[in-house]
1. Among all the lysines, which ones have a C-alpha under 16 Å from LYS281's C-alpha, if same-chain residues fewer than 8 places away are not counted?
2. Want the number for GLU76 to HIS198: 0.36 nm per residue separation, take away the alpha-carbon distance, what's left?
3. Under 16 Å Cα to Cα from LYS188, which lysines show up? Leave out anything in the same chain fewer than 8 places away.
4. Using helices alone, I'd like the mean residue ellipticity at 222 nm for the chain: each DSSP H run of four-plus residues gives -39500 (n - 2.57), total over residue count, nearest 500.
5. Can you tell me how much longer the chain between TYR209 and SER282 gets when fully stretched, taken as 0.36 nm per residue apart minus their C-alpha distance, in nm with one decimal?
6. For q values of 0.09, 0.13, 0.14, 0.15 Å⁻¹, compute log₁₀ I(q)/I(0) with the Debye formula on a Cα-only model of the chain, without solvent.
7. For the chain, take the longest principal axis of its alpha carbons; what is the angle in degrees between that and the long axis of helix 84-95, to the nearest 10 within 0 to 90?
8. Whole percent per 10 Å bin, from 0 to the bin with the longest distance: what is P(r) over all C-alpha pairs of region 212-285?
Amino acid sequence: MIEGHEPNPELRYVVTFSGGKDSVATWLYLTRDMSLPNVTCLFANTNHESEITYQYLEDLRQHHGLPLESIQPTLEDFRGELVEPKIRERMAVAYGERWLDPEFDVWSQPLDMERLAVLKRRFPSTMARFCTIHLKVLPMARWMKQNRDLETILVTGVRAQESLARAGRETWTRDEPTGCMMWLPIHKWTHEQVFECHRRHGVPPNPLYRAGMSRVGCWPCIMCRKSELATMARRFPEAFDRLEAMEQKAARATGKPAMSFFSNYKTPERFHSETCDRTCKSFPSATDVKLWALGDEPAKSGQAMLFEDDWTEDAYACTSQYGLCE
Ligand code: SF4
């Protein structure tokens, strides 16, 4: 018996899975500590993760029995945002004339961060975090709808220690969008307990933690801390090359002089080399952000303070109730 819940072989337990330490600990707890049957780890593949995470997931699947279900966001997860002719028109500019062919099935095409930016004519931001909705929440909801053969319990690795918002969550609630019960089994666990769970079951944490990252998710996430961006710039500079290419492609497709993956308040203005032709506001390119992250900004003085890691944890925590962006 678990806090009023009777484990039942007739039930399916679906863990919303990012490949980060909390989702891995949740899977291990359910399958190794609780011996629960019918556990599925649902991973929404944004095609914007680190190669290290993809390799880690494959290693968990092959060598540790991870019951991984990787789902691909598609244009179906954008339905209702724009009318179909508009979608065809915008995608054709970026990805070729075939998008204008009426025989070409728009809705089954993959959706990723770059395509989302082309369709929205902007990248997401902390204030407009449409990435989580279109790349994670809606694809998972679609999967849940298509897999209704067993009664399902949704399980997430959300922990109280991560943020004030998360601390206020109940261990058991009803998830309104899916109608399923949602369970947060490791809600009260500390970071140490999470890593201890990995050790106890002989499963390594995602190698990105050892490389200096504090969270696992998009590579990078729009909300990445300066310290993590610095680590990325030093150890994985190709991640910035990819961002630059994505910014340039999205800008060409939308007819804008430039587009930025990061918001204009990510860096001080002296690290803004681009200007919006409509609002005349300056903003940083991915290259500017890389230079800023690598630079010697005084962490606790003047303007730089606004941009440093003195934000609360809440500013970085995913607001999705499923904890989809660790
Ligand atoms: S990890 Fe960050 S960039 Fe990726 S979907 Fe979540 S909030 Fe958006």
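Read the figures in this text as sums done on the coordinates, not as results from a lab. These numbers were taken from a predicted model, which means no experiment stands behind them. Quick reminder, even Gly has a Cβ in these numbers, built from the backbone with ideal geometry, and neighbours come from all protein chains shown.
1. Of all the lysines, those that pass the test against LYS281 - Cα under 16 Å, at least 8 places apart if same chain - are LYS256, LYS266.
2. 40.3 nm
3. The qualifying lysines are LYS21.
4. Counting only the DSSP helices, I get -9500 deg cm²/dmol.
5. Answer, rounded to one decimal: 22.9 nm.
6. Each listed q corresponds, in turn, to -0.51, -1.03, -1.17, -1.30.
7. Approximately 70 degrees, to the nearest ten.
8. 19, 49, 28, 5
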